[in-house]
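Chemist: The structure under discussion is supplied below as structure tokens; questions concerning it will follow.
Only the coordinates and a few stated rules stand behind these numbers; no lab work does. As the structure is a computational prediction, the values presented were derived from the model and not from experiment. For neighbour counting, all protein chains shown are included, and Cβ atoms are generated from backbone atoms with ideal geometry for every residue, glycine included.
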Amino acid sequence: MRAKDTNSLLIVGTGAMACLFAARFSSASYRVTMLGTWKEGLQALRENGVVIVDSDGNERSYPVQVADCAQACKGSRFALVLVKSWQTQRAAQQLAKCLSARGLALTLQNGLGNLELLARFLGSQRVALGVTTTGATLLGPGKVRPGGEGAISLIGHPHLAPIAKMFSKAGFTVETAPDAMALLWGKLVINAAINPITALLGISNGELLSREKARALLQETAREASAVAEAQGICLPYPDPVVAVESTASRTANNRSSMLQDVQRGAPTEIDAICGAIVRAGEKTGVKTPINRTLFHLIKALYPTEWNEPAKTGLEVTSGCRMNVVTSLADLRAARAQLTGPVGFVPTMGYLHEGHLSLVRAAKSNCNTVVVSIFVNPTQFSPNEDLSNYPRDLKRDLSMLEKEGVDLVWTPTPEIMYPPGYQTWISVEEVTSMLEGSIRSGHFRGVATVVGKLFNAVRPDKAYFGQKDAQQAVVIRRMTQDLNFNIEIVVCPTIREQDGLAMSSRNVYLNPSERQAASVLHRALVKAQVAYSDGEHDAERLRQIVNETVQSEPLAHLQYVSCTHPDTLRELEGQIPTHALLSMAVHVGKTRLIDNVVIGGQ
Ligand code: AMP
């Protein structure tokens, strides 16, 4: 082991606890590097080191190195993860780039799920769990007031000894605990009973104890949370939860929960990973959790209005699950901020099939992270179309996306996308005047608007669309270029069933005989393609071939067939110059199907 290995420590995070630990290790002569993304925090740390303010207001500075990207800390042997639970994924992605192969990252974070998320990126061999009840309050960027000493409890891990030694050398009391769940829930109960109440009342931990009603609420919250732990067979690391919470509050009397600070500076809080986690566990074990649920909602009520999401979804966000699923715009933005680029984006209306998954796979193979949106966009349906019947199965969609290794799924509601008073539209002109646009009035205005909004929120580097909706791809390309979106549009081939029917969410509407008849679309296109290969290059003749083939199928009714320039979508007459888009819409029973092929040129 090189000398550098045991003298250096990487701290991921720049918040109160990260600063406090950095100062302690720095004062024990460790070479501390702090890795973060908060610009003001990094700037202050770079200029002044960590500034510790004691109870008399005296300041003392401790030197640290500062890194704003993982590359700058490549080869780190020991890392302490001290970011908020909603930033864990980003921390994990950074650590995956800079932690050495034999390195170890120790999480000392609040909430459930952090260990699992880190292990997903680093492998369980390189991740260890600890809990601390040390407190700290951030007074400003890089400036922290210690908020009460607490022990560091570590869960046994084969590579933990050197890091435990570092803690002891830095003056911490270190214990080894046998049971991770007991340790995590022990801290969770304390966090649930102290953090949201002090944040909501804007008081310190000490004041929480001196206010009779607030203290009673603390006690009830602790009892409720510990009942959930007990129902799961978890034996908390203290005999009486109320005594444990009150003694922590008393020991950290000057401390203030950062939840309120978080909201005030426009960031999410850890409420999902604390009270949210308790409510979810309560639902699974049949323990009622009205107080934790109320605290969850009250903290969410502090968020700006546009952050607010349907309560149910908020509770469903499982911190630490492999794939992050968010509904509100604020949660999307926070989660997006954690993704490393290039970011690939696949917008969908859900009810996913292999066609959608082919786009996801293309995005996965070209991008570092992948975002999928699921939103049945009402503004692209006209009143006589199938908006209310459009097939939906979110649970199934999410499980399919999780299997594909998607990082983030956004499931906004119509109210989030089009709040009351909404009145801004994107209208792409020429290329929407024909084909689908001439029949589905307003359709592309809805499509361009929603995709523009999705692009603005997700800010992808690349966005993936299917050739199946050929005109849509042309419209999106045009809009992307005209509105200067800095996004590469990738169009992927149409995925088909065995008999050639293009996969579509709407295929479920077909009854068995219609389903059989529906293969006629592909048969007609193939016939035209074969004719083209045999030398028939006349656009009108190719349209006729499609028309005749569809007419041969009694259940199918051709709405239009078009042979156009693939980019301008202008109808071609006479000989096809180089290549053409042969596209069609057909009613099979009540179901409207579209399909296309590009002929020639390729
Ligand atoms: P939708 O959910 O129908 O809005 O489709 C979302 C995306 O998937 C669009 O870019 C579609 O063009 C694409 N897509 C739909 N069906 C297929 C398919 N069979 N093959 C390839 N891409 C498809």
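Chemist: Near LYS213, which aspartates and glutamates are there with a Cα under 19 Å away, not counting those fewer than 8 places off in the same chain?
Modeler: Partners within reach: GLU224, GLU246.
Chemist: Right, next: So for segment 366-439, taking the charge dipole from beta-carbon charges (+1 Lys/Arg, -1 Asp/Glu), which of MET434, ASN384, THR413 sits furthest toward the positive end?
Modeler: Toward the positive end, the furthest listed residue is THR413.
Chemist: Give me the angle, in degrees from 0 to 90, between the Cα long axis of helix 394-403 and the longest principal axis of the Cα atoms of the chain, rounded to the nearest 10.
Modeler: 80 degrees
Chemist: Check cross-link reach from LYS165 to the lysines: straight Cα distance under 18 Å, and skip same-chain residues fewer than eight apart.
Modeler: Those lysines meeting the cut-off are LYS4.
Chemist: Cα gyration tensor of segment 69-193, axes a ≥ b ≥ c as square roots of the eigenvalues: rounded (a/c below 1.5), prolate (a/b > b/c) or oblate? Don't skip to the answer; put the middle values down first.
Modeler: On the way: a/c = 1.37, a/b = 1.21, b/c = 1.13.
The shape class here is rounded.
Chemist: While we're here: Can you spot the lysines whose alpha carbon is less than 30 Å from LYS468's alpha carbon? Ignore those fewer than 8 places along the same chain.
Modeler: LYS468 reaches LYS364, LYS395, LYS403, LYS453, LYS527, LYS590.
Chemist: Another question, if that's okay. Cα axis of helix 88-98 to longest principal axis of the chain: angle in degrees, 0 to 90, nearest 10?
Modeler: It works out to around 90 degrees.
Chemist: Please give the helix 39-48 orientation as an angle from the longest Cα principal axis of the chain, in degrees from 0 to 90, rounded to the nearest 10.
Modeler: Computed tilt is about 30 degrees.
Chemist: What area, in nm² and to one decimal, does the C-alpha convex hull of segment 182-300 cast on average over all directions? Before the final figure, lay out each step's value.
Modeler: Working: hull surface 26.1 nm².
Its Cα hull, projected and averaged over all orientations, spans 6.5 nm².
Chemist: May I ask you to evaluate 6.51 cos²θ - 1.76 cosθ + 1.60, the Karplus curve with θ = phi - 60°, for each residue of segment 75-87 and list the ³J(HN,Hα) values in order in whole Hz, giving x for glycine and proline?
Modeler: Using θ = phi - 60°, the values come out as x, 4, 9, 10, 9, 10, 9, 10, 8, 5, 4, 6, 9 Hz.
Chemist: Let me ask you something else. Among VAL598, VAL409, what is the fewest-to-most ranking by other Cβ atoms within 10 Å?
Modeler: Numbers: VAL598 16, VAL409 25.
Ascending number of Cβ neighbours within 10 Å: VAL598, VAL409.
Chemist: So what's the gap between the Cα centers of segment 347-389 and segment 1-80, to the nearest angstrom?
Modeler: Segment 347-389 and segment 1-80 have Cα centres separated by 43 Å.
Chemist: Further, regarding this structure: Would you calculate, for the chain, the mean residue ellipticity at 222 nm contributed by helices, counting each DSSP H stretch of 4 or more residues as -39,500 (n - 2.57) and dividing by all residues, to the nearest 500? Write out the running numbers ahead of the final one.
Modeler: Numbers: 24 runs with 255 residues, N = 602.
Helices in the chain give a 222 nm mean residue ellipticity of -12500 deg cm²/dmol.
Chemist: Then there is this: Have a look at GLN87, GLY49, LEU501 and report the one farthest towards the positive end of the charge dipole of the chain, computed about the Cα centre with Cβ charges (Lys/Arg +1, Asp/Glu -1).
Modeler: About the Cα centre, the residue reaching furthest to the positive side is GLY49.
Chemist: When the Cα centres of segment 511-574 and segment 101-122 are compared, how far apart do they sit, in Å?
Modeler: Each part's Cα centre sits 56 Å from the other's.
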